[in-house]
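Worksheet: one structure, shown below.
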Amino acid sequence: MATLKSAVASVLVNSSPTMEFKCTRGLRQGDSLSPFLFVIIMEALTGIMKRAVSFGLFKGLRCTLDDSLLSHLLYADDVMFIGEWSTANAINLCRILKCFYLTSGLNVNLSKCSVYGVGVNELDLQNMAATFNCKQGSFPFKHLGLFVWANMNLIKNWEPVINIFRNRLSIWKAKNLSYGGRITLLKSVLNSLPTYYFTLFKAPVQVIECLERFRRVFFWGGSEEKAKMNWVAWEKKDCSS
C-alpha cells in the first residue's frame with residue numbers, strides 16, 4: 001500500500017507536464033506499476049494453489065515419479081491451470097478463483113479464458129466450458145507467442161516468423177540504408193527475431209531457406225516482388241559474425 005499511496009502522476013498538455021497529483025483511484029491497465037503489483041499478487045495465488053493441492057481440494061498432474069504435482073503455470077500476466085479432468089476439480093477451481101477475487105479484488109475475465117481437454121470427447125469439453133462459463137478451446141492454440149500441440153515440422157506453422165520478417169522489411173526500406181546500415185540491421189534485428197522459436201523447435205529446411213532469402217534480398221536492396229543482382233555469393237558474405 002505504501003507503493004500505491006506514494007505514487008504520483010502528471011499529464012502532458014501541449015508537450016508540457018502539469019502539476020503532479022496523487023493517484024487515488026487505483027491503478028489502470030498500462031500503468032508502469034501494474035506488472036510489479038501483478039507479480040506480488042501472483043505469489044499469493046501460488047500459495048493458495050499449493051495449499052489447495054496439499055489439502056486435496058485440487059488435483060494437479062503428476063509429471064515425475066516423486067510426489068510433486070503440476071497445478072498451474074505463471075508467466076507475466078498469463079496463468080494456465082493444469083489438473084485432472086473431473087467436475088469436482090473444476091468446481092473447486094472456480095471456488096478458489098472466487099476466494100482469490102474476494103481477498104485481492106482481481107476478478108477473472110472468463111470471456112477471455114478458454115478450457116482445453118486432452119483425450120476427451122467434444123461433449124465433455126462443452127460441459128466443462130459451461131461449468132467455467134468460458135470459451136471452448138481447440139488445438140493447436142497460441143500461448144506466449146508459440147503454438148501448443150502444433151506440428152512444427154509443417155511450414156504453415158512457421159508463418160508467424162515469416163510474417164515478422166516480412167513486416168520488418170516493409171518498415172525498414174533497404175533503399176534508404178547504406179550497405180553498412182543494412183548489415184547492422186541484419187545483425188541486431190533480423191538475426192534475433194526467430195531465436196525464440198529456434199530455442200524450442202527445429203525449423204524445416206524450407207523455412208531456413210525462406211528466411212535467408214529475405215535477408216539476402218534485403219541486403220542487396222531489392223524487395224520481395226523485385227530482387228536485384230547479387231554481386232557476391234551469399235555464402236561468402238559474412239553477415240552473422
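The values are calculated or read from the model by the stated rules, or taken from the named source; none is laboratory data. Every value quoted in this text rests on a predicted model; they were computed, and no experiment measured them. Cβ coordinates were reconstructed from backbone atoms using ideal geometry, including for glycine residues, and neighbour counts include every protein chain displayed. Please note that ligands, DNA and RNA were not included when accessible areas were found on the heavy atoms of the full protein model with its side chains. Shrake-Rupley method; radii C 1.70, N 1.55, O 1.52, S 1.80 Å.
Listing for the model above:
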read-out	value
Residue list for the stretch 99-121, filter: outside any helix (DSSP H, G or I) and of a type in the set (Val, Ile, Thr)	108, 115, 118, 120
Some residue of the stretch 122-131 being within 30 Å of residue 34 (Cβ to Cβ) and at pLDDT 90 or above	yes
Of residues in the stretch 74-98 being open to solvent by 80 Å² or more (accessible area, probe 1.4 Å) and not in a loop (DSSP other than H, G, I, E, B), the one modelled with the lowest pLDDT	75
Search result, residues across the stretch 122-163 that are in contact with a Leu (Cβ under 7 Å, 6 or more places away or on another chain), touching a residue at least 40 places away in the same chain (Cβ under 8 Å) and either assigned to a strand (DSSP E or B) or open to solvent by 80 Å² or more (accessible area, probe 1.4 Å) (or both)	146
Residue within the stretch 27-47 that is of a type in the set (S, T, N, Q), under 30 Å from residue 118 (Cβ atoms) and surrounded by 15 or more Cβ atoms within 10 Å (Cβ to Cβ) present	no
Failed criterion for residue 58 (all others in (1) open to solvent by less than 90 Å² (accessible area, probe 1.4 Å); (2) at pLDDT below 80; (3) not β-branched (Val, Ile, Thr) hold)	(2)
Total residues in the stretch 12-26, condition at pLDDT 85 or above, of a type in the set (A, V, I, L, M, F, W, C) and either part of a strand (DSSP E or B) or surrounded by 14 or more Cβ atoms within 10 Å (Cβ to Cβ) (or both)	2
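Each row is one residue, and each column tells you yes or no for (1) surrounded by 12 or more Cβ atoms within 10 Å (Cβ to Cβ); (2) at pLDDT 80 or above; (3) under 18 Å from residue 167 (Cα atoms); (4) of a type in the set (Val, Ile, Thr).
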| residue | (1), (2), (3), (4) |
| --- | --- |
| 187 | yes, no, yes, no |
| 195 | no, yes, yes, yes |
| 202 | no, yes, no, no |
| 206 | no, yes, no, no |
| 226 | no, no, yes, no |
| 234 | yes, no, no, no |
